[in-house]
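Peer 1: This is the structure, below, for whatever I ask next.
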Amino acid sequence: MKKLLSVVLALVMIFSMAAFSENDAPVRVSALMGPTGMGLVKLMKDSEGGNEYEFSLAASADLITPKFIKGELDVACVPANLASVLYNKTDGGVTVLAVNTLGVLYIVERGEAIKSVEDLRGKTVYASGKGATPEFALNYLLTENGLDPAKDLNLVYKAEHAECLTALIQDENAVAMLPQPFVTVAQTKANDIRIALDMTEEWNKLQEGQENPSGMLTGVVVARSEFVKNNPEKVEKLLSDYEASVNFVNGNVEEGAKLIGEYGIVAEAVAKVAIPYCKIVCIRAEEMKTLLSGYLNVLAGQNPTAIGGKVPNDDFYYGV
């Protein structure tokens, strides 16, 4: 009897320790070295020395995806379309918690010729992101404004943003599509480069009067669905802390830029100029679903593979 009691007590202790260990483990969060990671910096700073969160930054989504799928991360800040791809790849094993970055693509030029999308007609436009969301977003804006991407302008796709900048500098009549904070970097290379069109604003113009307007998005916060199910309090706490961090960066640009530089996301001087153009947000629940589902539907209309084959079901969206 004593032996049986000892075994039972030992099992209870083991299970109790496992439960405590799981509950006490830090939330493992990863983000990209760009706008999708900028809103995290105040939370990262405040969490140093604690065990509530464990943060990591990655240069590309390719470095985050395998860790996330393997369960080595709990939460990740990733491109909006990648969230859908992951949802489809894992059979619904991914939940989107919030939109964290709106559109960061801009049309820039050296001059004053471009005032509207129509003004791109006949122009040479350099861009990167062929076969990815930048191309699909640009094509959507062009076609919805009555321009044929294949006929009405000369779209030249480059492998990197830096190549677009080089082409823009060499041809004063050319136009380029660039993301922030690279636009700010570009302006340090040639001070006559001007933001001609904010592609997010152009997207919003097309949504005016729509019953369920979509948004042009860059990044979202996702979590493993199993983690969300097992840790509801941690998820709510993370979202609250994340929103406070976003508000701090947007409301305290100099201090936010200093932290962004400290964590090596972009140089402090670049961040100081770029933050207002990076559209860092924390949009949740129904508004998140409206913006994101609409955006994914637009991408699906351009190329279904961009979102993993199909638009996710309602269980994709947290808090709705």
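Peer 1: Most mobile of 167, 61, 159 per a Gaussian network model of the chain (Cα springs, under 10 Å)?
Peer 2: Checking each option, the largest mean-square fluctuation is seen for 159.
Peer 1: Can I ask one more? For residue 45, give me every one of the aspartates and glutamates with a C-alpha distance below 13 angstrom, ignoring sequence neighbours fewer than eight places off in its own chain.
Peer 2: Counting by Cα, and skipping residues close in sequence, residue 45 has these aspartates and glutamates nearby: 54, 241, 255, 262.
Peer 1: Kindly write out, for the stretch 281-288 in residue order, the coupling ³J(HN,Hα) from the Karplus curve 6.51 cos²θ - 1.76 cosθ + 1.60 (θ = phi - 60°), rounded to whole Hz, with x marking Gly and Pro.
Peer 2: So the J values, rounded to whole Hz, are 9, 9, 9, 10, 6, 4, 5, 4.
Peer 1: Within 10 Å, count the other beta carbons around each residue, average over each peptide in 83-90, 51-58, and list them highest first. Write down the numbers at each step before the final one.
Peer 2: Numbers: 83-90: 21.4, 51-58: 16.9.
Output ranking for 83-90, 51-58: 83-90, 51-58.
Peer 1: Per residue, how large is the accessible surface of the stretch 65-210? Use a 1.4 angstrom probe and give square angstrom.
Peer 2: The answer is 41 Å² per residue.
Peer 1: Which entry is the computed Rg and Dmax of the Cα atoms in Å for this structure: [x] 22.0, 90; [y] 17.9, 56; [z] 22.2, 80?
Peer 2: Entry [x].
Peer 1: Please give the FRET efficiency for residue 132 paired with residue 154, using the beta carbon to beta carbon distance and R0 = 30 Å, rounded to the nearest 0.05.
Peer 2: FRET efficiency, residue 132 to residue 154: 0.90.
Peer 1: Would you work out if the stretch 206-308 is rounded, prolate or oblate? Take a ≥ b ≥ c from the square roots of the eigenvalues of the alpha-carbon gyration tensor; rounded if a/c is under 1.5, else prolate when a/b is larger than b/c, oblate otherwise.
Peer 2: Judged from the Cα gyration tensor, the stretch 206-308 comes out oblate (a/c at least 1.5, b/c at or above a/b).
Peer 1: Report, for the chain, the % of DSSP beta bridges that are antiparallel, rounded to 5.
Peer 2: Here the share of antiparallel DSSP bridges comes out near 60 percent.
Peer 1: Can I ask one more? With the cut-off at 23 Å, tell me which of the pairs 151/189; 123/158; 205/237; 70/130; 205/279; 89/234 have Cα atoms farther apart than that. It would help to have the intermediate numbers written out before the result.
Peer 2: On the way: 151/189 31 Å; 123/158 16 Å; 205/237 35 Å; 70/130 29 Å; 205/279 17 Å; 89/234 25 Å.
The pairs that break the limit, which is 23 Å between Cα atoms, are 151/189; 205/237; 70/130; 89/234.
Peer 1: For residue 115, go through the aspartates and glutamates and keep the ones whose alpha-carbon is under 12 Å away, minus same-chain ones fewer than eight residues off.
Peer 2: Within reach: 198, 202.
Peer 1: Ranked from highest to lowest mean number of other Cβ atoms within 10 Å per residue, what is the order of the peptides 229-236, 62-69, 217-224?
Peer 2: Highest mean packing first, the order is 217-224, 62-69, 229-236.
Peer 1: Give me the one-decimal nm value for the distance between modelled label points at residue 194 and residue 89, 7 Å along each residue's Cα-to-Cβ direction.
Peer 2: Result: 4.2 nm between the two label points.
Peer 1: ³J(HN,Hα) across the stretch 155-162 via Karplus (A = 6.51, B = -1.76, C = 1.60, θ = phi - 60°), whole Hz, x for Gly/Pro?
Peer 2: 8, 10, 8, 10, 6, 9, 4, 4
Peer 1: May I ask you to derive the FRET efficiency for residue 51 and residue 255 from their Cβ-Cβ distance with R0 = 30 Å, giving the value to the nearest 0.05? Spell out each step's value before the answer.
Peer 2: Working: r = 25 Å, r/R0 = 0.83.
That gives a FRET efficiency of 0.75.
Peer 1: Something else: Each residue of the stretch 273-280 in turn: what ³J(HN,Hα) in whole Hz from Karplus with 6.51, -1.76, 1.60 and θ = phi - 60°, glycine and Pro shown as x?
Peer 2: 7, 7, 3, x, 9, 8, 6, 6
The values are calculated or read from the model by the stated rules, or taken from the named source; none is laboratory data. Bear in mind the structure is a predicted one, so any value in this text is a computation, not a measurement. Because the Cβ atoms are built from the backbone with ideal geometry, glycine has one as well, and the counts that use them run over all protein chains shown. Only protein heavy atoms, including side chains, enter the accessible area calculation; ligands, DNA and RNA are left aside. Shrake-Rupley method; radii C 1.70, N 1.55, O 1.52, S 1.80 Å.
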